[in-house]
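Contents: one structure, followed by commentary.
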Amino acid sequence: MDALKKAESYYVAMCNKNFDEMASYVHPNIHFVGPLSTMDGKENVVEAAKNFAIFFKGLTVREKFHSTDSENKVMLVLDFDCPAPIGLFKGASFLTFHEGLISRIELFYDARPFETKKDQIFNQE
């Protein structure tokens, strides 16, 4: 399975709350960068993704691209269907692959709707 398909499958598995499948696409040494948190390690990233998944009921991968100079970089444009008051939530995910697994996720989105839920998602101490 190529990186583009794996990237999409990662988010589809998250949407379907199939966290074991989702984790199967993640490198043990993953690095995550987002507007609300930066973290390392598969366990931390998968747990944050599980916590985030409770905030949306559907997900559409609107566009998907892979780097023309490297098949190991993928960009997805995502629409999350969240309950009110958030509603449609748009974002982008830039993923890098190493050894066939997602080794870096950098998210781009307006974090304001989730600022009050930050501790729930990322288990900040």
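Are any residues in the range 66-84 surrounded by 13 or more Cβ atoms within 10 Å (Cβ to Cβ) and touching a residue at least 60 places away in the same chain (Cβ under 8 Å), and if so, which ones? Reasoning before the result, please.
Initially, the range 66-84 is screened for residues surrounded by 13 or more Cβ atoms within 10 Å (Cβ to Cβ), giving 66-67, 72-82.
Hits for the range 66-84 are HIS66, ASN72, LYS73, VAL74, LEU76, LEU78.
Here's the yes/no breakdown for (1) within 13 Å of ALA7 (Cα to Cα); (2) more than 13 Å from the chain's Cα centre (by Cα):
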position	(1), (2)
VAL61	yes, no
PHE65	yes, yes
ASN72	yes, yes
CYS82	no, yes
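Residue count for the range 1-34, restricted to those that are surrounded by 15 or more Cβ atoms within 10 Å (Cβ to Cβ) and assigned to a loop (DSSP other than H, G, I, E, B): 2. Taking the range 27-66 as the range and being touching a Lys or Arg at 6+ places or on another chain (Cβ under 9 Å), farther than 18 Å from PHE94 by Cβ and at pLDDT 95 or above as the test, only PRO28 passes.
Take the residues of the range 1-26 that are in contact (Cβ under 8 Å) with a residue 60 or more places away in the chain and out of contact with any helix residue (DSSP H, G or I) (no Cβ under 7 Å at 6 or more places or on another chain): which is farthest from VAL74 (Cα to Cα)? Walk me through how you get there before you give the answer.
Taking the range 1-26 first, the residues in contact (Cβ under 8 Å) with a residue 60 or more places away in the chain are 2-4, 6-8, 10-11, 25-26.
From what's left, out of contact with any helix residue (DSSP H, G or I) (no Cβ under 7 Å at 6 or more places or on another chain): 2-4, 6-8, 11.
Working: ASP2: 10, ALA3: 7, LEU4: 6, LYS6: 10, ALA7: 7, GLU8: 9, TYR11: 13 Å.
Restricting to residues being in contact (Cβ under 8 Å) with a residue 60 or more places away in the chain and out of contact with any helix residue (DSSP H, G or I) (no Cβ under 7 Å at 6 or more places or on another chain), the top hit is TYR11.
The values are calculated or read from the model by the stated rules, or taken from the named source; none is laboratory data. The model shown is predicted, which means the values in this text are computed figures rather than measured ones. Ideal geometry is used to build each Cβ from the backbone, glycine not excepted, and the neighbour counts take in all protein chains shown.
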